[in-house]
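The values are calculated or read from the model by the stated rules, or taken from the named source; none is laboratory data. From a predicted model like this one, the values you see are computed outputs, not experimental measurements. Please note: Cβ atoms are built from the backbone with ideal geometry, for glycine as well, and neighbour counts cover all protein chains shown. The protein model used for the area step is the full one, side chains on, heavy atoms only, and it has no ligands, DNA or RNA in it. Shrake-Rupley method; radii C 1.70, N 1.55, O 1.52, S 1.80 Å.
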Amino acid sequence: MRRTLGKRRNRATQSEDGTLTDRAYGELEEMIVTLQLSPGTVLSEHALAVRLKIGRTPIREALQRLARDGLVVIMPRRGIMVSEINLRLQLRLLEVRRELERLMASLAAERATPEERAEFAEVARAMLEAAAKSDDIAFMRLDQRFNILIATAARNEFARRSMGLMNALSRRFWYQHYQEVADLPLAAKLHAAVAEAVSQKKAKAAATASDRLIDYIEDFARKTLDT
């Protein structure tokens, strides 16, 4: 009986830690992407635990995930630092994103459930509304929701894992420069076109809309050279 109770407590603790890690990851990822934690910032597990009111173990696990995403750099015996933003890296990343996003958009259009199609339509509407209000934070959160939804609906775990390594870096790059060179209404319209094509089960249209979105993102990245 004691062993059984002990096992149950361990499972409950692991489940709670997993939930807290997800929460820590989500909050830290948004703080880094929106530059509340700027590139080059040295992070302290203790300070972050106090700030987020989460234990150090979930914070440590979240930081390890962020390191895999390329958002932080773990330096042995020196600490953890928010990674720098690099234009050349962003352009190389976009070469891969174009192919993956085209594939995932067309797969999502073919494989999404009726519930997911309804959510794509809702995301499209909400993105256009956020852009009309110039609500950059709402748009960023919707972009993350859009990325997760595409990855889920495509039902290809290999593509999903690959895209997971790129999405946060891309969103952070966009957030750093969007006020100088971005057209938020156009960005929202291009994202919405992909979401609407998926919601309507139009695989070719989704792939074409995805290419147009990446065309815009590449143009946006190159314009940052002039700012």
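Name every residue in region 103-118 that is open to solvent by less than 40 Å² (accessible area, probe 1.4 Å), among the small types (Gly, Ala, Ser) and part of a helix (DSSP H, G or I), in order of residue number.
Across region 103-118, the qualifying residues are Ala105, Ser106, Ala108, Ala109.
Filter region 47-73 down to residues that are free of Cβ contacts under 8 Å to residues at least 40 places away in the same chain and not β-branched (Val, Ile, Thr), then give me how many there are.
Of the residues in that region, 12 qualify.
Which residue is most open to solvent (accessible area, probe 1.4 Å), if the candidates are limited to region 61-76 and must be out of contact with any Ser or Thr (no Cβ under 6 Å at 6 or more places or on another chain) and in a helix (DSSP H, G or I)?
Only one residue tops the list, namely Arg68.
Let me confirm something: among Gly79, Gly55, which residue is over 29 Å from Asn156 (Cα atoms), in contact with a strand residue (DSSP E or B) (Cβ under 7 Å, 6 or more places away or on another chain), open to solvent by less than 60 Å² (accessible area, probe 1.4 Å) and not charged (D, E, K, R)?
Gly79
Might you let me know whether region 173-183 holds any residue that is in contact with a Gly (Cβ under 9 Å, 6 or more places away or on another chain) and closer than 19 Å to Ala151 by Cβ?
No, that holds for no residue.
Residue by residue, here is whether (1) of a type in the set (Val, Ile, Thr); (2) at pLDDT 95 or above; (3) surrounded by 14 or more Cβ atoms within 10 Å (Cβ to Cβ) holds:
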| site | (1), (2), (3) |
| --- | --- |
| Thr4 | yes, no, no |
| Arg8 | no, no, no |
| Gln14 | no, no, no |
| Asp17 | no, no, yes |
| Glu29 | no, no, yes |
| Leu35 | no, no, yes |
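For region 162-197, which residues satisfy the criterion of being modelled with pLDDT under 85 and either of a type in the set (Ser, Thr, Tyr) or open to solvent by less than 10 Å² (accessible area, probe 1.4 Å) (or both)?
Tyr178
Answer with yes or no whether Arg155 is touching a Leu at 6+ places or on another chain (Cβ under 9 Å) and open to solvent by 30 Å² or more (accessible area, probe 1.4 Å).
Yes, satisfied.
Determine if region 87-102 includes at least one residue that is over 22 Å from Leu169 (Cα atoms), in a helix (DSSP H, G or I) and at pLDDT 95 or above.
Taking every residue of region 87-102 in turn, none turns out to be over 22 Å from Leu169 (Cα atoms), in a helix (DSSP H, G or I) and at pLDDT 95 or above.
With region 119-211 as the region, which helices (runs of 4 or more DSSP H) entirely inside it contain at least 2 residues that are over 17 Å from Leu103 (Cα atoms) and under 12 Å from the mean Cα position of the chain (by Cα)?
Because the criterion is at least 2 residues that are over 17 Å from Leu103 (Cα atoms) and under 12 Å from the mean Cα position of the chain (by Cα), the helices (runs of 4 or more DSSP H) in region 119-211 that meet it are 136-154, 167-181.
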